[in-house]
Structures are given as C-alpha cells and as structure tokens.
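**Q** This is the structure I want to talk about, given as structure tokens.
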Amino acid sequence: RFLMESDYPMSTLTKPMKSSQDLVEHMKRKGITFNIVSPEDAVQYMEKNNNYFRVASYRKNYNKRLDSKQNPIDEYVNLDFGYLQDLAIIDMELRYTFIQLTLDIEHFAKMDLLGEIERHNEDGYKIVSDFLNAQKTDRKQHIQSELRQNQNSYYTKDVYNKYNPDFPAWVFLELLPFGTILDFYLFCAKRFNSKSMCDRFYIMIRCKNVRNACAHNDCFINDFHTGTAPYKPKYPVIQKLAVIPSLSSDSRKRRMQNERMQELIYVLYIHNEIVTSKGVHNKAAQKLHAFKDRMMRHADYYNTNQLIAANFNFLKLVIDNWFSIV
C-alpha cells in the first residue's frame, strides 16, 4: 500500500513536499519578488527546468532585512526570482566549462608525469612496482582493486589483460582514477626531489574536487561568502594573481578566502601551467570567454549585491588575463 503521513513519525515530516505554486507563494512571503520572471513562468521553470531546492540555494548570497534592533528577519533584501534563475543558469554553464578544463588537466598531468619519468631515466615498470610496494597493505589492495575493475570494461579490458600483473607507467596511468594518479604523481615528485611537482600536486588535488563537483552536478556559486576556505591559497597562485592589472591586494585576498572560488582559480592556474598544447589551451580560452560573457550578461542584476558582483568581476579579470584567444 501507499504510505501516508500517519505511517511516519512526526519528526520526519518537518518539511512536507510543496507544489511549485505553493513554493512561489512561500518565496513571496520571504520577500522574493517576481518582476523579471512572472509567478506563472517561475512555476513552469521549477516544474520543467530546475527544482526549488537548487534555485533557492542561491539566496544564501543575499542579506536578510533587519528589524528595529538590527536583528535579521526571515525576509530577503533586493532579491528577485529572475536573479536566482540567472545564477542557476550561470552555475550550469560554469560546470559545463570547468569539467572540460579539469579533463584537460588530468590528461596533461599524465603527460607531465611521463615526461618526468623519461627525463629521470626511470624504468617504467620498476617505478610502478616501487610505488605499489611503498603503499600500506590496505591502500595497495585498494589500488589493485581499482586496476581489476578494468577487466570488466569494454574500453580498457584488452589493455588490462595484456599487461596484468606487470603494468608499465604509461599503461598504469590509463587504468587508474584521477585520485590514485595524483598519489603516483606525488610519489614521483618526492622520488625526483621536485618542488615544482609537489606544488602542482597540492593544487591538482583541489582541481580534482572541482572535477568531481562538476560531474555530480553540484552547485558552485550558491555561497560566495569569505572565510569558507580551510587553507591559505598556494603561494605560486597568489604570485600569478598579484601581477594582474587593476586587481587590488584586498580584492584578491577576500575572493581567495572563499573555498569554491579558490578551487576554481586553481583550475585556471594549473591549466596554464601544464597544458602544453596551444590548440587545447585556445579551445579552453574560447569556452571560458563564452562562459564569462554569459556570466556578465545581466551584471546589472547584481548592482545592489556587492558579494556577487565582486566575485563575478574577480573571475572575469582572471579569465581575461590568463586566457587570451589566439
């Protein structure tokens, strides 16, 4: 039988599902206006394009009204549904753009690593064996399990079966997920005593977060507040940001205190560092400038929201200065 509300304890029914029409009325009570997008069109949008949970998440970038004692009340300031819809679309375009950049990074990280292995005259088989033997037992077993998964893949089973159990580096890198590839990258960086490789590793770990978030369709720009980054930005990235004309030190520091923005900037930085193909870099530049143009299309929407405007302008400056279209 169908489960009814009475079948559940009351503690699980704190937020019953509402219709799109109910949600529009709920937003109106929260001070959200419908001047750009009509209530009727908002209903259609939430039913056919995006759900309320995702669209409404961008309201975190907006302040709430204050009462006479300067305490926030549950009503937003200068927030129109059209702004939320625009932010949702920009976020979608961001994911589509940055997933491509992170795939580029994964490919050229492998190229970079193979180049370093060759320059250090390493045996391609021995370095893989040394890496596996350097792992703790449970970690080694996990990596071997990741390798075995290839035997059931139409795309990689032939390669796996040909080389198993002795994989050379150039095959090993093609059979592993990005996280384990980065573990191998760090192992080689330490083996070669390469500070530049170590710096790249710690930045690429954060790029992996972006790749995974894009692949899982997570929201990026629904929280631009400062103070969310658990780590200070990496010095090579700060150095490169510092030479951008018209980017103030204060703006740079504030924007890089947001974890999501920090990780997006890391993707842009490392793409510049390791992508050696001019064609791939130019294609990335074209995608980024198309994204930037869409991001700034309705910049006037955010004239009253310094948090959003400042982050958009920061991202625009970085794209303009680091990615020229040839």
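The values are calculated or read from the model by the stated rules, or taken from the named source; none is laboratory data. It should be emphasised that the depicted structure is a prediction, and the values quoted were computed from it without experimental measurement. Note that each Cβ is placed from the backbone with ideal geometry, even for glycine, and that neighbours are counted across all protein chains shown. Remember, those area values only see protein heavy atoms, side chains included, never the ligands or the DNA or RNA. Shrake-Rupley method; radii C 1.70, N 1.55, O 1.52, S 1.80 Å.
**Q** Using θ = phi - 60° and the Karplus relation 6.51 cos²θ - 1.76 cosθ + 1.60, list the HN-Hα couplings for segment 33-47 in order, rounded to whole Hz, with x at every Gly or Pro.
**A** 9, 9, 8, 7, 10, 5, x, 5, 5, 5, 4, 4, 5, 6, 7
**Q** Right, here's the next one. In the structure displayed, which of LYS157/LYS208; LYS126/LYS190; LYS126/LYS157 lie more than 20 Å apart, Cα to Cα?
**A** Where the Cα-Cα span goes over 20 Å, the pairs concerned are LYS157/LYS208; LYS126/LYS157.
**Q** Going by average Cβ density within 10 Å per residue, which order do the peptides 117-128, 74-85 take, highest to lowest? Display every interim value, and only then the final one.
**A** Details: 117-128: 14.5, 74-85: 18.5.
Highest-to-lowest ranking by the protection proxy: 74-85, 117-128.
**Q** Put TYR154, TYR52, TYR235, TYR58 in order of accessible area, largest first, 1.4 Å probe: what do you get?
**A** TYR154, TYR235, TYR52, TYR58
**Q** Just to be sure I understand the model, the point goes 7 Å from the Cα along the line to the Cβ. What's the resulting ALA134 to ILE36 distance in nm?
**A** Computed distance between label sites ALA134 and ILE36 equals 5.1 nm.
**Q** OK, next. Using per-residue counts of other Cβ atoms within 10 Å, averaged over each peptide, order 169-175, 37-43 from highest down.
**A** Values: 169-175: 19.9, 37-43: 16.1.
Final packing ranking: 169-175, 37-43.
**Q** For ASP80, what residues show an amide H to amide H distance below 5 Å, using hydrogens built from the backbone and excluding near sequence neighbours?
**A** THR33
**Q** To continue, here is another question. Figure the gain on full extension for SER246 and SER20 (residue separation times 0.36 nm, minus the Cα-Cα span) and round it to one decimal in nm.
**A** Values: separation 226, 0.36 × 226 = 81.36 nm, distance 4.39 nm.
In short, 77.0 nm is gained.
**Q** Continuing with this model, one more query. Just the number please: accessible area per residue for segment 61-145, 1.4 Å probe, all protein chains included, in Å².
**A** 52
**Q** Name all residues of segment 227-250 having a backbone nitrogen under 18 Å from the label point set 7 Å from the Cα of ASN272 along its Cα→Cβ direction, giving them as ranges.
**A** Residues passing the 18 Å test: 233-250.
**Q** So if I average 1/r over every pair of distinct C-alpha atoms in the chain and take the inverse, what Kirkwood radius in Å does that give?
**A** The answer is 22.8 Å.
**Q** Using a Cα-Cα cut-off of under 20 Å, which lysines could be cross-linked to LYS69, ignoring same-chain neighbours fewer than 8 residues away?
**A** List returned: LYS30.
**Q** Let me ask something else. Report the convex hull volume per residue for segment 96-235, counting only C-alpha atoms, in Å³.
**A** Convex hull volume per residue, Cα atoms: 139 Å³.
**Q** Here is a follow-up. Could you please state how large a percent of the accessible area of segment 107-232 is carbon and sulfur, counting protein chains only and using a 1.4 Å probe?
**A** Details: 3300 of 6980 Å².
Summing carbon and sulfur atoms, their accessible area is 47 percent of the total for segment 107-232.
**Q** If the limit is 30 Å between Cα atoms, which of LYS140/LYS253; LYS48/LYS253; LYS232/LYS316; LYS136/LYS162 go over it? Intermediate values should be presented prior to the final figure.
**A** On the way: LYS140/LYS253 40 Å; LYS48/LYS253 39 Å; LYS232/LYS316 22 Å; LYS136/LYS162 27 Å.
Over 30 Å apart, Cα to Cα: LYS140/LYS253; LYS48/LYS253.
**Q** Could you please state, rounded to a whole Å, how far the C-alpha centre of segment 198-238 is from the C-alpha centre of segment 242-310?
**A** 13
**Q** Sticking with this structure for a sec: Could you sort the peptides 214-225, 305-316 by per-residue average Cβ neighbour count (10 Å cutoff), highest mean leading?
**A** Numbers: 214-225: 16.6, 305-316: 18.5.
Top to bottom by mean Cβ count within 10 Å: 305-316, 214-225.
**Q** Just report the Cα centroid separation between segment 22-82 and segment 170-195, whole Å.
**A** Comparing the Cα centres of segment 22-82 and segment 170-195, I get a distance of 46 Å.
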